[in-house]
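The structure appears right after this line, and notes come after that.
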Amino acid sequence: MAKSATLTQLVSAHDHAEGPADALLTLVEYGDYQCPYCGAAYPVVKRLQKTLDMKLRFVFRNFPLTQAHPHALIAAEAAEAAALQGKFWDMHDLLFEQQAFLKPDIIPLWAERIGLDLKKFGNDIEQGFAEKRIKEDRQSGIRSGVNGTPTFFINGTRYDGSPDYGSLLAALESELALLST
Amino acid sequence: MTTKPRTAVVTGASEEVGSILHNNEEDPMISLKPGVQAPDFCLSATPDQKVSLSDFRGQPVVLVFYPADWSPVCSDQLGLYNELKPEFSEFEAQIIGISVDGVWCHLAFSQNRKLHFPLLADFEPKGAVARQYGVYREKEGESERALFVIDPEGVIRWSYVSPVGINPGADGILKALESMARGEKAVSIRN
């Protein structure tokens, strides 16, 4: 297998993860909520989760391209603030599903929609608690060889193929096959 | 996009061989190696401004050779380095992009992507600087995707040629800059 970059920050309980902690496959995505390619990857990941079910653990980490995408940071902060109230995935999913409408004004409405305590939500963002995680993800991403968004890592190795469903599935199944030999 | 292997002996799947070759940190046949004085050059950065490598003597320089402007992704290699400018600034490193595109193309691309570092036009003679660094692809008429980290005295301390289809990211660059900052004689990067 071709040598590619590897995750410097291993997946831990600290991460936002969907799927079993002991799943054979862990797919990590470093993403940007305003990036159209991440928007396109969102349904692909959902499909992969459906197909691979218990075999797959999906982890999302932040890599907002703040220069290219002016709303990427506030979106990431919204998701991390939602995480502080136990609703990370609700906000993550909403951000990607409604990506076309992303702008700062709409975020409080979305926070309300998923049932967050708005005062705490606003405060956590203002106090920089949400941003802390984003900075950590950025650093781990840089060190791990994140080279754009989305950047995927399959069981710790950066995936350099095409981000379409077929290619990702093939790579994941290939890794499964390797593990069983 | 598969890259052709560059040696005569080809065994196994070409993609595998290609990646074995390109995952060497430098291609010994072609690109300039660490320890060599980086060739000076003078190229246009804008329609009325020229930039020389020697302008930056006294600070580290990261030379980013890349094939062409206007790759179709928002988060391409240059976009990434633009995003990471704060990290590079910690080392007072100057990033410079070089491709064979002309100055007007660079100007439009830079404005579109809001780039905060110069793009130099290796335009006339075409690819001359890329050739000096051993990273010109004759057949395609574009430079390789190649990185050179140059120290404040103008010596290449790290270089890497990436397969053209793969964005090498920034971790190698940062490791090289850190190694230099620690005063290490031989810059070592372990992937």
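The values are calculated or read from the model by the stated rules, or taken from the named source; none is laboratory data. These numbers were taken from a predicted model, which means no experiment stands behind them. Cβ coordinates were reconstructed from backbone atoms using ideal geometry, including for glycine residues, and neighbour counts include every protein chain displayed.
Brief remarks on what is shown
- Scan of the stretch A:79-89 for residues that are hydrophobic (A, V, I, L, M, F, W, C) and over 13 Å from the mean Cα position of the chain (by Cα), ordered by number: A:A81, A:A82, A:L84
- Filter result (assigned to a loop (DSSP other than H, G, I, E, B) and under 15 Å from B:E83 (Cβ atoms)) within the stretch A:144-164: A:G145, A:V146, A:N147, A:G148, A:T149, A:P150
- Within the stretch A:1-59, being surrounded by 14 or more Cβ atoms within 10 Å (Cβ to Cβ), assigned to a loop (DSSP other than H, G, I, E, B) and within 14 Å of chain B (Cβ to nearest Cβ) holds for A:A2, A:S4, A:A5, A:L7, A:T8, A:Q9, A:D32, A:Y33, A:Q34, A:C35.
- Taken over the stretch B:128-148, the residue count meeting the criterion of being under 22 Å from B:Y81 (Cα atoms) and free of Cβ contacts under 8 Å to residues at least 40 places away in the same chain is 1.
Let's see how each residue does on (1) within 30 Å of B:L174 (Cα to Cα); (2) assigned to a loop (DSSP other than H, G, I, E, B); (3) within 14 Å of chain B (Cβ to nearest Cβ); (4) without any contact (Cβ under 8 Å) to a residue 60 or more places away in the chain:
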position: A:A75; (1), (2), (3), (4): yes, no, no, yes
position: A:D90; (1), (2), (3), (4): no, no, no, yes
position: A:F96; (1), (2), (3), (4): no, no, no, no
position: A:K120; (1), (2), (3), (4): no, no, no, yes
position: A:I134; (1), (2), (3), (4): yes, no, yes, no
position: A:I142; (1), (2), (3), (4): yes, no, yes, yes
position: A:G166; (1), (2), (3), (4): no, no, no, yes
position: A:A171; (1), (2), (3), (4): yes, no, yes, yes
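- Flag for B:E124 being within 18 Å of B:V51 (Cα to Cα), in contact (Cβ under 8 Å) with a residue 60 or more places away in the chain and either exposed (fewer than 15 other Cβ atoms within 10 Å of the Cβ) or within 12 Å of chain A (Cβ to nearest Cβ) (or both): no
- If you go through the stretch B:93-113 and keep only what is more than 21 Å from B:Y133 (Cα to Cα), away from chain A (no Cβ under 14 Å) and without any contact (Cβ under 8 Å) to a residue 40 or more places away in the chain, you end up with B:C105, B:A108.
- Filter result (in contact with a Leu (Cβ under 8 Å, 6 or more places away or on another chain) and in contact (Cβ under 8 Å) with a residue 40 or more places away in the chain) within the stretch A:27-54: A:L27, A:V28, A:D32, A:Y33, A:Q34, A:C35, A:V44, A:L48, A:T51, A:L52
- Residue in the stretch B:127-137 that is away from chain A (no Cβ under 14 Å), of a type in the set (A, V, I, L, M, F, W, C) and touching a helix residue (DSSP H, G or I) at 6+ places or on another chain (Cβ under 8 Å) present: no
- Selection status of A:T181, in a loop (DSSP other than H, G, I, E, B), polar (S, T, N, Q), closer than 23 Å to A:T26 by Cβ and more than 11 Å from chain B (Cβ to nearest Cβ): yes
- Residue among A:S162, A:S167, A:S180 that alone is among the small types (G, A, S), surrounded by fewer than 14 Cβ atoms within 10 Å (Cβ to Cβ) and modelled with pLDDT of 95 or more: A:S167
- Test for B:V149: is it surrounded by 23 or more Cβ atoms within 10 Å (Cβ to Cβ) and either modelled with pLDDT of 95 or more or in contact with an Asp or Glu (Cβ under 8 Å, 6 or more places away or on another chain) (or both): yes
- Residue satisfying all of: in the stretch B:51-97; in contact with a Ser or Thr (Cβ under 7 Å, 6 or more places away or on another chain) and not in a helix (DSSP H, G or I); surrounded by the most Cβ atoms within 10 Å (Cβ to Cβ) among these: B:F65
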